[in-house]
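Okay, so here's the structure we're looking at.
The values are calculated or read from the model by the stated rules, or taken from the named source; none is laboratory data. Being a predicted model, the structure only gives us computed values, none of them experimental. Note that we place each Cβ from the backbone using ideal geometry, even for glycine, and neighbour counts take in every protein chain shown. These accessible areas exclude ligands, DNA and RNA; they are computed on the full protein's heavy atoms, side chains included. Shrake-Rupley method; radii C 1.70, N 1.55, O 1.52, S 1.80 Å.
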Amino acid sequence: MFELQTVDPEVSRAKFAREVADYRALKETYRKRGQILLDATFPQVCVMFAAPKLRPSPILACVVVDFTDYDVQPLSVRFVDPFTRESVKAKDLPLPMLRRPPVPPGMPMEMYLQLMQQGMLQMNNLLQTHGPDEPPFLCLPRVREYHDNPAHTGDSWFLHRRSGEGSLAFILDTIWSHGINPIENYQMVAQAPTIAIALNLERVPL
């Protein structure tokens with residue numbers, strides 16, 4: 001939790017209450033796609049993500065979204081263990097959050113998907129980390145960890161603040177659409193006694 005609250009706390013509380021209410025109004029829809037609100041007590045919202053298309057359905061991620069100093073500051077997103085709420089290490093988060101590259105002009109979709117399957121077109125991962133034993137962070141404009149990164153000093157939060165794309169719903173939908181929705185099935189890995197998760201690349205967003 002961030003300690004610095006520079007705006008009137010009641011402003012952040014009001015925005016928190018409104019966005020949590022908007023979420024709860026659609027909670028049945030979210031639950032069907034594996035997105036479950038565990039708790040919401042200002043300034044934090046905790047949401048767990050499962051893969052309902054798989055049987056058994058695995059828990060793939062859990063995030064704490066922090067509204068401290070919102071919206072002078074963007075929302076913070078921290079990936080945590082759903083049982084302990086401790087930050088997870090990058091190596092312990094089994095969830096890629098991929099973004100497809102643009103389709104080259106004139107290239108048929110079938111060829112485009114085939115090149116992606118072969119690894120000849122590189123997808124970007126929205127989850128970044130400074131090492132396998134470090135916590136991952138969502139490298140996405142409108143998220144505090146992105147704007148706090150020195151590499152992004154030229155992309156101020158205030159350029160995005162009024163867009164509506166820094167909201168709780170936007171962030172959670174991004175995690176779902178880039179991380180959960182593309183999951184297709186389980187896939188056995190012959191080289192090791194593990195089970196991997198196969199993706200449907202057509203459902204990976206651009």
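List of remarks:
- Normalised by 2.2 N^0.38 Å, with N the number of residues, the alpha-carbon radius of gyration of region 51-206 equals 1.13.
- Relative contact order of region 12-156, pairs being alpha-carbon contacts under 8 Å that are 6 or more residues apart, as %: 16
- Per-residue SASA remark: K53, around 110 Å² accessible (1.4 Å probe; ligands, DNA and RNA not included).
- The fraction of accessible area contributed by carbon and sulfur in the chain is 55 percent, rounded to a whole number (1.4 Å probe; ligands and nucleic acids excluded).
- Computed with a 1.4 Å probe on the full set of protein chains, the accessible area for M116 sits at about 10 Å².
- The charge dipole of region 37-93, taken about its Cα centre with unit charges on the Cβ of Lys, Arg, Asp and Glu (plus for the first two, minus for the last two), comes to roughly 400 debye.
- Only Lys, Arg, Asp and Glu carry charge here, each on its Cβ (+1 for the first two, -1 for the last two); on that basis region 113-184 has a dipole of about 300 debye about its Cα centre.
- Magnitude of the charge dipole, the chain, Cβ model with Lys/Arg +1 and Asp/Glu -1, debye to 20: 620
- With the convex hull of the Cα atoms taken as the outline of region 1-120, the averaged projected area works out to 10.9 nm².
- When shorter helices are ignored and each DSSP H run of at least 4 residues is given -39500 (n - 2.57), the per-residue value for the chain at 222 nm works out to -6000 deg cm²/dmol.
- Exposure of Y70 as accessible area (Å², to 10), given a probe of 1.4 Å and all protein chains: 20
- Candidates M111, W157, Q128 compared by Cα position along the dipole of region 97-158: farthest toward the positive end lies M111, with charges placed on Cβ.
- Listed peptides 98-110, 128-140 by packing density, highest first (mean Cβ within 10 Å): 128-140, 98-110
- DSSP beta bridges in the chain [antiparallel fraction, %, rounded to 5]: 95
- Selection among C139, T84, L201 by position relative to the dipole of region 71-206 gives C139 as farthest towards the positive end (Cβ unit charges, Cα centre).
- Pairs of lysines in the chain whose Cα atoms sit within less than 26 Å of one another amount to 6, provided the residues are eight or more positions apart or on different chains.
- Solvent exposure of region 117-164 amounts to 62 Å² per residue of accessible area, where only protein heavy atoms count and the probe is 1.4 Å.
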